[in-house]
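Enquirer: Below is the structure I would like to discuss, written out as structure tokens.
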Amino acid sequence: MVDVTLPSLGESVTEGIITQWFKKVGDAVARDEPLFEVSTDKVDSEMPSPAAGVLVEILAGEGDTVETGSRVAVIDEKAVAGSAPAPAPAPEAPVASASPPPVTAPPAPAPTPVASTTNGSASEAGQSGVVVSPVIRKILNDGGVEASTIKGSGLGGAITRRDAERAVADGPTEEIVVPLSNGRRRMGQHMSVSTQTTPHGFVAIEIDGAIFGELERIGRMTREGVLITDEMVVSLAAVRALAEFEFLNATFSDDELTVHRTVNLGVMRHVDDDGLLVPVVHAAAGLTLRALARRVTELGVRVESRQLTADDLMGGTFTLIGAPSENTLFTEPIIIQPEVAALSAGAVRRVPVVVEKDGVASVEVGYRLVLGLSFDHRVCEAVAAVNYLERVAELLAGMDLESER
């Protein structure tokens, strides 16, 4: 027998919600075949089977919140599907007795519906705690309907696809109180801990963004056909500047600072209405702009399709927050624990600038943007933070886009 357990799903993730089983008791399953889906505040993932055999027991139903490392199922590697009845779980109908009339036996109790947890962390489905699958969640989100307003017709009050489609067709009819989603609640908790434990400092400088005018002139596509964004260009300079400011590429734990020689760059991404994710470009130092653009784009695709793995979210040593909109001057990021710094880049703006040539001042159209750095005062102070930002500006000004792309 092989125990199926819920694996570690990333840093700070201690539990997940079983949202769907792809197999039922008695089904044959191949090694590495998707067995069940689990949802956390960071990512939805399909969990592969650790062995080949027959699924003989399910210990955690759809909607159950399970801690990482807990047993959720049992696989018999020696069994053959259909050769013998699998051990009967509670929901199965009772096995008929070989001896006398079943009429004398009392009816078996109806199987208990797989109930969702009611501790508020089950899902963003609604106040009832009923789990909403990713497919149904997308239907409701696209239709602007909150799951808490729907009475599900499925097992245990679960919202079915037909329920969701009907609700979207009818439209919302009343005001509702919307609880925080699991993702937003966890994000708020993490950011609160960061502000309470880390003495934050912040500095910002405005820099010349002529490099972005050059990028517009030569084209934004790499030789591989990948779009180059302003954020990617800033990221490249930010990573290279860390070679001279290693104390910013570090993590703090138990009053000890660990300086990392490998730069694992976190890039903040907005996820629908469920908060933020920070996927990580591992080993970013030494990458060309072309390679960095490809890696960031691949992560973005996995964010959009909700196919990030636990590895994609782990191991960050420094984080970049790009401009949320083209009108953003700058943002003041909260440091992501246990890192010690986070860089923000405002939107690139075309503005009038004063240029002096041969002692004569004139006004020309130029490019400007604001770089900001949140830093841990236990590791850095404002002067060093500004020096880092100015070094990023120097590397941007000297970047050879033709060779990098």
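Enquirer: What residues have an amide H closer than 5 Å to that of Thr68, excluding those fewer than 5 places away on the same chain, when H is modeled at 1.01 Å from N in the peptide plane?
Expert: Here the answer is Glu15, Gly16, since their amide H atoms fall under 5 Å of that of Thr68.
Enquirer: Please turn the phi angles of the stretch 232-245 into ³J(HN,Hα) values with the Karplus equation 6.51 cos²θ - 1.76 cosθ + 1.60 (θ = phi - 60°), one per residue in order, whole Hz, x for glycine and proline.
Expert: Computed from phi, the couplings for the stretch 232-245 are 5, 5, 4, 4, 4, 5, 5, 5, 5, 5, 5, 4, 9, 10 Hz.
Enquirer: Another question, if that's okay. When Thr328, Thr288, Thr19 are ordered from fewest to most other Cβ atoms inside 10 Å of their Cβ, what list results?
Expert: Lowest count first: Thr288, Thr328, Thr19.
Enquirer: Taking the beta-carbon count within 10 Å as an exposure proxy, list His377, His260 from fewest neighbours to most.
Expert: His377, His260
Enquirer: Still on this structure, please answer the following. Less than 26 Å apart at the alpha-carbon level, and either on another chain or at least 8 residues along: which lysines does that give for Lys138?
Expert: Lys23, Lys24, Lys42, Lys151
Enquirer: Whole-Hz ³J(HN,Hα) for each residue in the stretch 299-308, computed from phi via Karplus 6.51 cos²θ - 1.76 cosθ + 1.60 with θ = phi - 60°, x for glycine and proline: what do you get?
Expert: Going residue by residue, I get 5, x, 5, 5, 5, 5, 8, 6, 10, 5 Hz, with x marking Gly and Pro.
Enquirer: Counting other beta carbons within 10 Å of each Cβ, put Glu62, Glu394 in order, fewest first.
Expert: On the way: Glu62 21, Glu394 13.
By the 10 Å Cβ count, ascending: Glu394, Glu62.
Values quoted throughout were computed directly from the atomic coordinates according to the rules given, and no laboratory measurement underlies them. Since the model is a prediction, treat every value here as computed from it, not as a measurement. As a convention, Cβ positions derive from the backbone with ideal geometry for all residues, glycine included, and neighbour counts pool all protein chains shown.
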